[in-house]
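Here's the structure, in structure tokens; my notes come after.
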Amino acid sequence: MPEPRDISNSERTLTKVIVEFDRDLIPELEELSVVEVTMVESLLTPGLQTSIKFQNFHQYSRDGKVKSLEKFKGAACRITIERPILDDAGMQHTLIFAQRVYRLEKRGLINYNNEEFTLHLCDDTLLNDAKNLVSKSWVCTTPTDVVEHVLRNCVNAKTVETEPSSPARDYIAENIHPFQVVTQQEDVALAAGNDPSFFHFMTYRNFNGFDCRGTHHFESLHRMAKKPTILTLLDSEASTVGKYSSFAKASDGNGRSVNAIPMLTYSFPADFDLLQDILNGVEGDGNSLIAINPYKGQFSLFGNKTRGCGVGGYNAKESQTNQGSTAVGCPVPADQYLLKRQARVGLLDDEDVAFRTTVPWVPQLHVGETINVLLRNKNSEGIEYNYGSGKYLISAMVHNVKNGGYSTTTLDCVSETVSRGEL
């Protein structure tokens with residue numbers, strides 16, 4: 001891998017991108033330049049999606065050889081992104097990751113001699129998921145144990161970060177893809193014994209050094225929202241030139257000075273939603289479940305037992321269970337997860353984003369982590385920060401990196417109150 005070149009002070013706020021491939025692509029790479037890299041993370045997506053926009057001197061190299069863009073198909077690609085100014089604040093300033101090319105699209109001329117096209121890349125685990133099916137049974141096994149087995153053995157995930165879950169249960173994977181197995185475990189896994197808010201997602205965070213693979217996560221909103229903040233974001237009226245493009249100083253509210261990333265823009269798409277809270281059982285409880293036990297020939301009603309307009313509350317579900325029967329194996333306590341799972345997932349809907357902001361590119365930001373947002377109050381004495389300041393969980397993010405230019409990260413965040421099922 002080539003060493004990044006020395007960067008002068010005037011270039012320290014800019015971003016440098018190095019793209020390398022694992023095969024002989026010399027004719028194809030000749031006069032090929034990186035324009036832009038886009039990277040996406042989301043709590044609702046089990047894989048990482050990266051796109052690289054290139055500009056190319058049409059289809060022929062100078063020695064007359066035809067450039068075969070088909071050679072990019074399936075090629076392993078290693079990307080190094082560096083923004084030196086972040087090092088001045090002791091922050092991570094370089095991100096290195098490797099993915100595989102699976103699609104080339106939007107190829108067309110931008111002038112007589114040059115064309116532009118986009119390569120799409122993904123982690124190898126996404127391709128392995130498409131290649132493999134799982135036919136296996138587990139007896140009295142927790143969802144987390146099932147997920148770890150499938151990710152490590154069926155899709156060859158190199159780094160897996162999981163959270164303990166309950167309850168142990170019997171499970172059969174009936175010839176389905178590995179990620180489908182994980183999705184089914186998401187639906188039944190409980191955090192802290194009663195919170196059905198587990199999600200399978202990936203981040204660009206890398207624990208394997210130069211192996212550079214992404215990290216698979218199986219974690220709950222309950223735990224993620226309670227993590228300590230990794231970064232402070234600050235509203236600022238400073239110029240967008242110079243050090244403002246990297247960091248500023250702010251008080252953390254406890255009298256301590258911290259490095260903060262100034263926000264370029266921010267908005268609050270959804271401050272609160274009473275209806276969503278009711279569905280989550282925060283403001284009253286309209287959730288109910290009819291659990292049918294075929295072994296005992298009976299049904300049970302859980303949650304809201306209001307019968308004025310029928311059996312159960314206004315958000316009723318139905319499921320089979322063997323709870324309390326003499327059936328072989330572990331019981332299926334459907335009442336513990338089905339009552340609130342749908343509402344927990346709904347907390348991450350696009351229209352329920354509590355806070356959205358764009359900041360200068362920072363590689364240490366990832367979904368599943370929390371940030372501290374400070375909106376300074378300029379008028380009232382004794383009140384340092386305005387309404388809207390506080391702790392947020394990153395639910396989705398997009399890095400937009402321009403080679404040799406100014407790059408940004410856009411964050412969608414939900415309030416830390418999602419740890420208790422509240423928007």
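Points to keep in mind about this one:
- Cβ crowding within 10 Å ranks 109, 411 as 109, 411, fewest other Cβ atoms first.
- Long-range HN-HN contacts of residue 236 with modeled amide H, under 5 Å: 263
- Inter-site label distance for residue 174 and residue 55 at 7 Å from Cα along Cβ, in nm: 5.5 nm
- Radius of gyration, Dmax [segment 104-194; alpha carbons; angstrom]: 19.1, 65
- Scanning residues 5 or more positions from residue 48 or on other chains, those with amide H under 5 Å from its amide H are 123, with H placed 1.01 Å from N in the peptide plane.
- Neighbour counts of C-beta atoms inside 10 Å place 149, 177 in the sequence 149, 177, starting with the fewest.
- Extension gain, residue 265 to residue 161: 0.36 nm times the residue separation minus the Cα-Cα distance gives 34.2 nm.
- Packing-based exposure ordering (other Cβ within 10 Å, fewest first) of 273, 195: 273, 195
- Distance between the modelled labels on residue 384 and residue 115, one decimal in nanometres: 5.7 nm (7 Å Cα→Cβ projection).
- Cα-projected label distance for residue 153 with residue 227, points at 7 Å along beta-carbon direction, nm: 2.8 nm
- Measuring nothing but how far apart in sequence close Cα pairs (under 8 Å, 6+ apart) lie, relative to its length, segment 141-228 scores a relative contact order of 31 percent.
- The string of couplings for segment 358-370 from the Karplus curve (6.51, -1.76, 1.60, θ = phi - 60°) is 10, 10, x, 4, 9, x, 7, 7, 8, 5, x, 9, 10 Hz, one whole number per residue in order, with x for Gly and Pro.
Every number here is computed from the coordinates shown, using simple stated rules; none is lab data. Since this is a predicted model, take the numbers as computed values, not measurements. So basically every Cβ, Gly included, is an ideal-geometry build from the backbone, and we count neighbours across all protein chains shown.
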